[in-house]
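Below is one structure; the comments refer to it alone.
The values are calculated or read from the model by the stated rules, or taken from the named source; none is laboratory data. In this text, all values refer to a predicted model and were calculated from it rather than measured experimentally. Positions of Cβ are generated from backbone atoms using ideal geometry, with glycine treated the same way; all protein chains shown enter the neighbour counts. What goes into the accessible areas is simple: the full protein's heavy atoms, side chains included, and nothing from ligands, DNA or RNA. Shrake-Rupley method; radii C 1.70, N 1.55, O 1.52, S 1.80 Å.
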Amino acid sequence: MPVNLKATHLVDATLDALLPSHCLLCGTRGQGPLSLCAACEADMPRNAACCARCALPLAAQAPLCGRCIRHAPPWDAAWVPFRYEWPLAQLESRFKFGGDLAAGRTLSLLWIASGVPHVLPDAIVPVPLHLSRLRKRGYNQALELARPLAKRFGVPLLHDALRRTRATDAQTELTAVQRRRNVRGAFEASFSGPLPAYVVVLDDVFTTGATFTECVRVLKKAGVARVDVWALARAPAR
Ligand SMILES: [Zn+2]
Ligand SMILES: [Zn+2]
């Protein structure tokens, strides 16, 4: 699907000055607001056939993956439009670890152009970073991706409804079991306004689902009736 150029008005004007006019991946000059050439945009790995519950890429279209049939996750549905593979993974890595906000903007525009979820929530809650990591990185990549989506869909963004109360080890090198232990009890939920009935937790990459599971647990414990999860990209099962 071609990127909707109207989406560009959502982006802060301050970022426009930083935008390269060449493709972020191959360097071809003269690109538009997406900062990707048509060939690189076409290479983005779309998560077309996937589990409705956890967005795991499947070899053929099926309603659920084997794991969700055996043991359903605590959320109701997942929307994850891309697979965490080259070349999207390269942009995500530059955005998350290299301070490359132009790559983040391109990822936001790709997400917005990827489609519309079946049903919109009452609020979007980005997965928070612990203050120590936020200070080091300077921004929360989940919040940066959530902002344009919330504007596009007209859904309130509750960036402080979840708080990370404990600094956790980076999840990258951990096994699935270690990841669950690592994030257990690391989040707190609080709502300053009325409690929304239906919330989406948003993260950049969905890997094992350990972070989502913990966030959904505390949001439901706080009284939210329905919680879904959205992420930009789904990593393969581990
Ligand atoms: Zn290119
Ligand atoms: Zn599944």
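Taking K and R as +1 and D and E as -1, what net charge do the other residues with C-beta under 13 Å from the C-beta of N182 add up to? For residues surrounding N182, the net value is +3.
Once every DSSP H run of n ≥ 4 in the chain is given -39500 (n - 2.57) and the sum is divided by its residues, what mean residue ellipticity at 222 nm do you get, rounded to the nearest 500 deg cm²/dmol? Working shown, then result.
On the way: 9 runs with 77 residues, N = 238.
That comes out to -9000 deg cm²/dmol.
Overall, the accessible surface of the chain at a probe of 1.4 angstrom is composed of carbon and sulfur to the extent of 56 percent. Among L174, L91, L24, the residue with the largest mean-square fluctuation in a Gaussian network model of the chain, with springs joining Cα atoms closer than 10 Å, is L174. Note that the chain carries a Kirkwood radius of 18.3 Å, evaluated over its alpha carbons pair by pair.
Please calculate how many Å² of accessible area the chain carries per residue, with a 1.4 Å probe and no DNA, RNA or ligand atoms counted.
Values: 11600 Å² over 238 residues.
Per-residue value: 49 Å².
Sparsely packed loop sites in segment 138-194 (the GluC sites (Glu not before Pro) outside DSSP H, G, I, E and B with at most 11 other Cβ atoms within 10 Å) comprise E173.
Hey, how many Å between the Cα centroid of segment 141-200 and the Cα centroid of segment 80-104? Between the Cα centres of segment 141-200 and segment 80-104 lies a distance of 19 Å.
How would you classify segment 126-236 from its alpha-carbon gyration tensor, with a ≥ b ≥ c the square roots of the eigenvalues: rounded for a/c under 1.5, else prolate if a/b is greater than b/c, otherwise oblate? Present the calculation step by step, with values, prior to reporting the outcome.
Working: a/c = 1.44, a/b = 1.29, b/c = 1.12.
Rounded, since a/c falls under 1.5.
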